[in-house]
Amino acid sequence: MDALRAAGREVESPPFDVWPENWPVIELWCRVQTQWRVAPMGGLLGLDYQAVDMVLRLTGAEQPLELFDDLREMERAALEAMARP
């Protein structure tokens, strides 16, 4: 939720339930959601991991490897959802 507030969005409560232990990866997702690598002919390949690393370092994330693994799961699910007709 901190990432949403930092983006200037007021958030009283999320529109869905998120377990507290999952908020760090949601906040990371919000910070890197524009950092997609695009194939030469279009289409998303995946997140730019250098940008993800920079955000993890800049924010001083605790347990960055665990956060990165969780983010990759979200990335994989997003790519699958975007590939559906």
Calculated FRET value between Glu73 and Met41, using beta carbons and R₀ = 35 Å, to 0.05:
0.85
For the pair Glu66/Asn22, report the inter-label distance in nm, with labels modelled 7 Å from Cα in the Cβ direction.
1.6 nm
Once Lys and Arg are counted +1 and Asp and Glu -1 for all other residues with Cβ under 14 Å from that of Leu79, the total becomes 0
Kindly rank 53-60, 67-74, 36-43 from highest to lowest mean number of other beta carbons found within 10 Å of each residue.
67-74, 53-60, 36-43
Leu47: net charge of surrounding residues, Cβ under 9 Å, Lys/Arg +1, Asp/Glu -1, itself excluded?
0
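Rule-based calculations on the coordinates, nothing more; no lab input. Keep in mind that this is a model prediction, so the values were computed, not measured. When we count neighbours, we look across all protein chains shown, and the Cβ atoms used for this are built from the backbone with ideal geometry, even at glycine.
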